[in-house]
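The values are calculated or read from the model by the stated rules, or taken from the named source; none is laboratory data. What you see is a predicted model; the values in this text were computed from it and never measured. All Cβ positions, glycine included, derive from the backbone under ideal geometry; neighbour counts span all protein chains shown. Note: areas computed on protein heavy atoms with side chains; ligands, DNA, RNA excluded. Shrake-Rupley method; radii C 1.70, N 1.55, O 1.52, S 1.80 Å.
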Amino acid sequence: MADDADRARAALAAARRVVFFTGAGVSAESGLATFRDAGGLWEGVRPERVATPEAFRKDPAFVWEFYLARRVAAARAMPNSAHRAIAAYAAGREVSVVTQNVDGLHQAAGAARVLELHGTLWRTRCGTCGVRREDRREEIAPLPPPCACGGALRPDIVWFGEALPPDVFGAAVCAARACEICAVVGTSAAVWPAAGIPTEAARAGARILVVNAEETEHAREADWYFEGRAGEILPGLLGFERS
Ligand code: OAD
């Protein structure tokens, strides 16, 4: 009799419309810290100090230094076998990668449709005029960098207390409502409204598959739950050997 992994593999092989909802855990095997695991980013610094508009108003240089350090780490990181398997699986299918990550590793692995719910490390936004620009510098002076309008440039990251970009969130909800399988990978799903994406998918009839290093709320409600590292488990489920 087929076991759970065989059934999930067969369902994924047959599915045409799939959403991957990912979080920091999918990049952990690329050497990037997660937020809430032991030794995670939120253990080193409280989010109120670096991830709120108030923190940026109070000490923009401190906030920028946190994100510059993350840029340096992300620039040196390579996509891992989970990122690569997701990108390869998408060929010939309608796949959306709805990610809470800001590191760009899904795109680096070749994923075509990546919806970044929490922004990206690789863009700045002016707090005054709103202009957005690609910016991959690892060293910036002065901090905060000035905008041509005289305002201060900030990382184009969604901070606590801020709304998600409505166009990106809207597209993610549409993809979730249209998919056959929603695969939730490497996320504590603790931050809303992003965490509601798998629920949107489930309500519209999708099956939910979770791959995570520890049990989460989504895992308890999932059709399939595989506990362990994404880079070890996901390639096999998606029909690839681990590479
Ligand atoms: P978290 O740090 O909250 O959760 C990461 C999850 O990944 C945990 O459940 C880990 O058990 C799991 N994990 C760790 N390594 C893994 C691996 N190799 N394979 C599979 N799972 C693994 O990170 P997120 O859920 O991404 O928001 O956090 C969500 C949001 O909270 C982030 O986008 C960020 C943060 O505050 C903002 O900055 C706005």
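Here are a few things to note about the model shown:
- Here is the short version for the chain: C174, C179, C182 have no other Cys C-beta closer than 4.7 Å.
- For the chain, DSSP calls about 25 percent of its internal beta bridges antiparallel.
- Nearest-0.05 FRET efficiency for T128 and A5, computed from C-beta distance (R0 45 Å): 0.30
- In terms of Cα atoms, the Rg and Dmax of the stretch 118-243 work out to 18.5, 52 Å.
- Count Lys and Arg as plus one, Asp and Glu as minus one, and take only other residues whose Cβ is under 12 Å from that of I208; the net charge is then -2.
- Full extension of the chain between E139 and A33 yields a length gain of 36.1 nm, computed as 0.36 nm times the residue separation minus the alpha carbon distance.
- Overall, the accessible surface of the stretch 56-110 at a probe of 1.4 angstrom is composed of carbon and sulfur to the extent of 56 percent.
- Neighbourhood charge, 14 Å Cβ-Cβ cut-off, centred on V98 and excluding it, Lys, Arg +1 and Asp, Glu -1: -1
- Taking all protein chains into account, the per residue accessible area for the stretch 124-181 stands at 54 Å² (1.4 Å probe).
- Separation of the E241 and M78 label points, Cα + 7 Å toward Cβ, nm: 1.8
- Just so you know, the averaged projected area of the alpha carbon convex hull for the chain sits at 12.9 nm².
- Global form of the stretch 58-188, assessed from the alpha-carbon gyration tensor, a/c cut-off 1.5: prolate
- Overall form of the stretch 1-142 per C-alpha gyration tensor (a/c, 1.5; a/b vs b/c): prolate
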